[in-house]
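Every number in this text was worked out from the coordinates using simple rules, so none of it is lab data. Just so it is clear, the structure is predicted and the values come from calculations on it, not from any experiment. All Cβ positions, even for glycine, are placed from backbone atoms using ideal geometry, and neighbour counts span all protein chains on display.
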């Protein structure tokens, strides 16, 4: 190989310098080889294999993932992210309505993720949020384990709140968890506290606060509606099905009360919520505008 | 010397790593590239070892190159940075995260060390031919990214990502490919190879267009600041500078005037509908506050953490790489939830990132790196004005855009490659002097 022009000494280097050069490169090669194989190639190969089996596991064969001969070695740097991603995926599938009954993947994912969270003290706060959601999901799909799973979810949220006491995502999830355990007032207290410290618009907090107020007692409808509207006017988003259900109940309630102003507010909101019948609600609004009165409506019981 | 050539080719492969996207990994745009860059670093070291063991010529050549490298202040600044990163990792809030890296970024000490190895590798094993091949590959990929971006736009994607997963990273990489294209243009003109010149020039132009399509305000701002700085630089130089028969000073003067007038007109008419049709400028005109507000809050969190945790190790070595998430947790500001509900693992300001993650010493090493980069690039103006201007412009653009974002795997590669290239040009300049 021809050398380009150079200005340094062209004499061969001494033997000790040569030995040092080879030694340095040797040590580097060993270290980097270990890093590349043990901490990079192998973990990601395992991750690839794991995720390749997810679709099949979801569709028909859960044992693709629940097989105890899991190749991902215990100290693998991808353990936590693999377990977390399965939990997040299951939650997405459940929220989309595609989960068929009680999937064995749910308890498997929750327990595996819990084990990893316990082994990783450096775990960030979102681990506890996801862990809580995993247990809440388990409570939803396996009624027999509902009480225990909800309690475990609560423990996870509480742990997360010791790390970031003001984390709104944790607060909302915890408040819903308390509601599901029949402790709506505890959830309301939690949200009130969050409202006190969340010094910005806190739209999402207002939304959840309204939700829980209504769940605690439909007689709280006036305050609940005010909070829900405050939240959603600022862009807060919750579960569309839950929001729709509550507003439809409020529609019937305010119609029965003869409260035209609040009835109109509810109709306006329903007309823009997803998966409602906007045409019907727009007709109602047109009637109110023309007659300044409640229209004749027959509600399905 | 076969192994020497293999080492060179493995390092050249770094310019292709930006293409790696592997589905069925948690983060398809990140994880595959992490494997690629670490693999390239390992492969280069392995074959460098084989070359050194098997050939005394290779050992002598490597020793000569090391002697030359030892005269490069950029190398010493980069080495200081890596050494300080070791201490930063030892004293990190979470050593595991600082060492292995967060999975979602694929960085940590291990990957940053891999990039350092790639940088040193290019300094020791690259000659003119290898730099030309690297730039050719980078430039050749530009139409690929651009076409992918157009396809994404046609599919309704607002800001295309190509193989980068994030539009800002694509924009940052386009700055590098613009340099690669311009260097190819220069090679082609000097050697009267019109095809190379045209290919390089086209790649540079498409790169700039690509930046506009990504609508990345930070990168666009960096580009504008860089162009203004270069024009001022040309205007204050005493010597007569020409492109062909045209005075470069006149061109720079006119360009500066156009930029200032255009900037004034744009600012005054920014609410006009016309600007909504121009990619890039529409986003600047829209002045979306969401991103800006959340980033300001992250920056404040970082500075608050630096102010509050005044132990010697935190001040000197920081919290450790990829440990900003723990700052986010500990100094969480509830106001950020309105703008961004996810955990932030960067302050979105490179200098604040360096201060918080690597401490005062790490930040000083980083700034020293930039000082020597600009000094070396500026000195090239005595013999290679065009290259000097190009590298100074890239440095300014890259530095400014990083004040609003952070480095990722592909931009680390671009950064260290340009550092390596400046070092190579510095070596060539020394050889000519001697």
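Ellipsoid fit via the Cα gyration tensor, the protein assembly as shown: semi-axes of 54, 33, 22 Å, each the root of five times an eigenvalue, largest first.
Taking every residue in B:60-67 and counting other chain Cβ atoms within 10 Å of its Cβ, the average works out to 6.
For the pair residue A:272 and residue B:370, a Förster radius of 60 Å applied to the C-beta separation gives a FRET efficiency near 0.70, rounded to the nearest 0.05. Dividing the radius of gyration of the alpha carbons in chain B by their Kirkwood radius gives 0.96 for Rg/Rh.
Among B:154-162, B:49-57, the peptide with the highest mean count of other Cβ atoms within 10 Å heads the list, and the full ranking is B:49-57, B:154-162.
Per residue of B:127-133, other chain Cβ atoms within 10 Å of the residue Cβ number 1 on average. Stokes-Einstein diffusion of region B:28-186 at 10 °C, 1.306 mPa s viscosity, Kirkwood radius from Cα pairs, rounded to a whole number: 87 µm²/s. Judged by the gyration tensor of its Cα atoms, with axes a ≥ b ≥ c, region A:157-301 is prolate; a/c meets the 1.5 cut and a/b is the larger of a/b and b/c.
Rounded to the nearest 10 degrees, the angle from helix A:15-36 to the longest Cα principal axis of chain A is 30 degrees. Using bins of 10 Å that start at zero, the share of Cα-Cα pairs per bin across region B:281-423 amounts to 11, 34, 30, 19, 5, 0, in whole %. The angle between the Cα long axis of helix A:42-52 and the main principal axis of chain A comes to about 40°, on a 0 to 90 degree scale.
Which shape class applies to region B:67-157: rounded if a/c is under 1.5, otherwise prolate when a/b exceeds b/c and oblate if not, where a ≥ b ≥ c are the square roots of the Cα gyration tensor eigenvalues? Verdict is oblate for region B:67-157. Projected label points at residue B:378 and residue A:17, each 7 Å from Cα along the beta carbon direction, are separated by 3.4 nanometres.
Here region B:260-350 yields Rg over Rh of 1.16, to two decimals, using C-alpha coordinates and the Kirkwood radius.
Ellipsoid fit via the Cα gyration tensor, region A:62-215: semi-axes of 29, 18, 12 Å, each the root of five times an eigenvalue, largest first. Round to a whole angstrom and tell me the spacing of the C-alpha centers of region B:379-431 and region A:244-286. Here the two parts' Cα centres lie 62 Å apart.
In what sequence, highest mean first, do B:309-317, B:108-116, B:376-384 appear when ranked by Cβ atoms within 10 angstrom? Please report the intermediate quantities before stating the final value.
Values: B:309-317: 14.6, B:108-116: 23.3, B:376-384: 17.1.
Those peptides, ordered most packed to least, come out B:108-116, B:376-384, B:309-317.
When Rg and Dmax are taken over the Cα atoms of region A:147-192, they come to 9.7, 27 Å.
With an a/c value of 1.5 or above and a/b not larger than b/c for the gyration tensor axes a ≥ b ≥ c computed over the alpha-carbon atoms, region A:145-222 is described as oblate. Hydrodynamic analysis of region B:158-248 uses the Kirkwood radius over alpha carbon pairs. Inserted into Stokes-Einstein at 20 °C and 1.002 mPa s, it gives a translational diffusion coefficient of 147 µm²/s.
Ordered from longest to shortest, the equivalent ellipsoid semi-axes for chain A are 56, 24, 20 Å, each the square root of 5 times a Cα gyration tensor eigenvalue.
If you plug the beta carbon distance of residue B:128 and residue B:351 into 1/(1 + (r/R0)^6) with R0 = 41 Å, you get a FRET efficiency near 0.75. Normalised by 2.2 N^0.38 Å, where N is the number of residues, the alpha-carbon radius of gyration of region A:31-132 equals 1.12. For chain A, the longest principal axis of the C-alpha atoms and the axis of helix A:79-95 are separated by about 20°. The Cα trace of region B:17-110 gives Rg and Dmax of 17.0, 46 Å, the first to one decimal, the second as a whole number. Note on B:265-273: average number of Cβ atoms from other chains within 10 Å of each residue's Cβ is 0. You can think of it this way: the chain between residue A:292 and residue A:63 has 76.2 nm of extra reach, that is 0.36 nm per residue less the Cα-Cα gap.
With both labels modelled 7 Å from their Cα along Cα-to-Cβ, the residue B:148 to residue B:270 distance reads 3.2 nm. A protection proxy built from the mean count of other Cβ atoms within 10 Å ranks the segments B:15-23, A:239-247, most packed first, as B:15-23, A:239-247.
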